[in-house]
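Structure record follows, encoded as structure tokens.
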Amino acid sequence: MTLFILVVMIDPTNTLLHKKDIAFVLVVAYNMVLFKPDFGKLPYIMLMFCAVAVPWIFSTMRMTPVDPDEVLAAFKSIAPVVLLLWTRNYNMVKLSRFPVVLCCFISLATYIAMSVNPLIERGVWMFMQNIDDPVTISRRTILGVEILGFYLKSCVSFIFVFSYYMLYSLDKTKRNVANFIFLIIIFSYFMISGTRSTMLMPFFLFIVIASYVFKNSRYIKYVMYPLIFVLAIAFVTVLLAAIMETDELSNTIKYGHLDSYAALFDENPLFLIFGQGPGATFYSEGFGEVVVRTEWSYLDLIRNYGVFSLIIVFVFAKPIFSFWKYRKQDDFNYCMFWSYLVYLLIAGTNPLLMSSTGMIVLLMAYSYEDKIKNSINQIDDEDNITHI
């Protein structure tokens, strides 16, 4: 399973190693041979496939023009959801630590080399362009500051591991040097990613986790709470300024997409019910061309799958209720709640749900939910034995 996670994280577009498909087949075969499936997860798997298949059938009946490759890609993107049958056998957040740290280390080393030598930057940029950009390299201006961005398209899946190392670095009963070093490596990568969401995310999680860790500290809270308050104000200020920066290219594109969605749904209100179907295209003012998808993931879900998109959102959102319900059982449950909530919010403005990256995050969330339920069941069993 660790190898599969590494392949998906390091090659999200499957154009660098070309091993994503074979890694998926091997991990499914491995689990089929060694572990008994958890058929309690089967309804969620069926719901996901039906949510994609039914709108596709409707679009076929309407003879809606679609891109066959994109239809196939839509089904392939959700294929890893089959692994829900075996997530109870793994702690996928734990298994993801090594792949995340390795991806961040390689990215940082490459970024440093690019920053030192413009020829290396040009060479890496051309290489990524030729293999469908698993890493987006760009120079962009955010709040008047030009930065070189090195955005690995799977980097948002690092969020749970980052929260783990954040918690274990702040809590004095759990901290050690290795955890702090790994935290710095992942944090440094987020800072060079070049996107506002991934650059602001670590600061938000620090505010949330630090306020939780130090909530009962008698003296430290007099230092931490003012610091957290200042960081919170700064975070909100920077976030609002970035969103309202209408001259920034990314914002211009996003706002153009919104106008096109409004026009599409106004002309075709039935798309809100039955969807346009996976692989269907529409004209976006943001890109100024006909496109299959945009950065507004939830609006794309509605456009493609209509009311069936609610099923997809439900399957993704389900674990977050367990994280909140049992947030007081374990410190990391609290961190998982906020981390997953941040991921779901970020996914709204990036194509991060219906993809292998989205499926890896989903599998992590369900595997940790299984871990919580197992620990609760063990406590209940111990209580029953005590009463007996």
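The values are calculated or read from the model by the stated rules, or taken from the named source; none is laboratory data. Fair warning: this is a prediction, and the values are worked out from it, not measured in the lab. Counting neighbours? That spans all protein chains shown, and the Cβs are built from the backbone with ideal geometry, glycine included. These area figures cover heavy atoms from the full protein model, side chains too; ligands, DNA and RNA do not enter into them. Shrake-Rupley method; radii C 1.70, N 1.55, O 1.52, S 1.80 Å.
Taking the empirical scaling 2.2 N^0.38 Å for compact globular proteins as reference, the chain has a Cα radius of gyration ratio of 1.03.
Take the solvent-accessible surface of the protein heavy atoms, probe 1.4 Å, and return the percent of it on the chain that carbon and sulfur atoms account for.
Of all accessible area on the chain, carbon and sulfur atoms account for 68 percent.
Pairs spanning more than 18 Å between alpha-carbon atoms, out of 318/373; 20/94; 318/371; 153/371; 41/325; 41/328: 20/94; 153/371; 41/325; 41/328.
Shape class of the stretch 21-87 from the Cα gyration tensor (axes a ≥ b ≥ c, square roots of the eigenvalues): oblate, since a/c reaches 1.5 or more and a/b does not exceed b/c. Between 210, 262, 23, the GNM of the chain built on Cα springs shorter than 10 angstrom shows 262 fluctuating the most. Taking the Cα centre of the chain as reference, the dipole from Cβ charges on Lys and Arg (+1) and Asp and Glu (-1) amounts to some 1240 debye. Accessible surface for residue 308 stands near 50 Å², nearest 10, in the context of the full protein assembly shown (1.4 Å probe). Counting charges near residue 8 (Lys, Arg +1; Asp, Glu -1) among other residues having Cβ under 13 Å from its Cβ returns a value of +2.
At a probe radius of 1.4 angstrom, the accessible area of the stretch 288-330 per residue rounds to 50 square angstrom. In this label model, residue 112 and residue 283 are separated by 5.0 nm, measuring between points 7 Å along each Cα→Cβ vector.
For residue 148 and residue 69, FRET efficiency with R0 = 25 Å and r from the beta-carbon atoms, rounded to 0.05?
That gives a FRET efficiency of 0.20.
The residues neighbouring residue 320, those whose beta-carbon lies less than 13 Å from its own, together hold a net charge of +2 under the Lys/Arg +1, Asp/Glu -1 convention.
For the stretch 130-189, the pair-distance distribution built from all alpha carbon pairs, in bins 5 Å wide starting at 0, is 4, 16, 19, 17, 15, 14, 10, 5, 1, 0 percent.
Label separation (residue 295 vs residue 49): 3.5 nm, computed from points 7 Å beyond Cα along the C-beta direction.
Taking a ≥ b ≥ c as the square roots of the eigenvalues of the alpha carbon gyration tensor, the stretch 26-181 is oblate, as a/c is not under 1.5 and a/b does not beat b/c. When every Cα-Cα distance of the stretch 40-128 is counted in 5 angstrom steps from zero, the calculated P(r) takes the values 3, 10, 13, 11, 10, 11, 12, 12, 10, 6, 1, 0 percent.
At 0.36 nm per residue, minus the direct Cα-Cα distance, what do residue 268 and residue 22 gain on full extension? Give it in nm, one decimal, please.
Details: separation 246, 0.36 × 246 = 88.56 nm, distance 4.01 nm.
Full-extension gain reported as 84.6 nm.
Pairs of Cα atoms in the stretch 268-388 fall into 10 Å distance bins, from 0 up to the last occupied one, in shares of 12, 34, 25, 16, 8, 3, 1, 0 percent. Only residues of the stretch 47-62 count here: report those whose backbone N is under 16 Å from the spot 7 Å along Cα→Cβ of residue 317, or say none. Inside the label zone: 48.
Annotation for residue 79 and residue 102: the two label points, set 7 Å from Cα along the Cα-Cβ direction, are 2.2 nm apart.
Averaged over its residues, the stretch 143-212 has an accessible area of 35 Å² per residue, based on protein heavy atoms and a 1.4 Å probe. In terms of packing, defined here as the mean over residues of other Cβ atoms within 10 angstrom, the peptides 274-282, 309-317 line up highest first as 274-282, 309-317.
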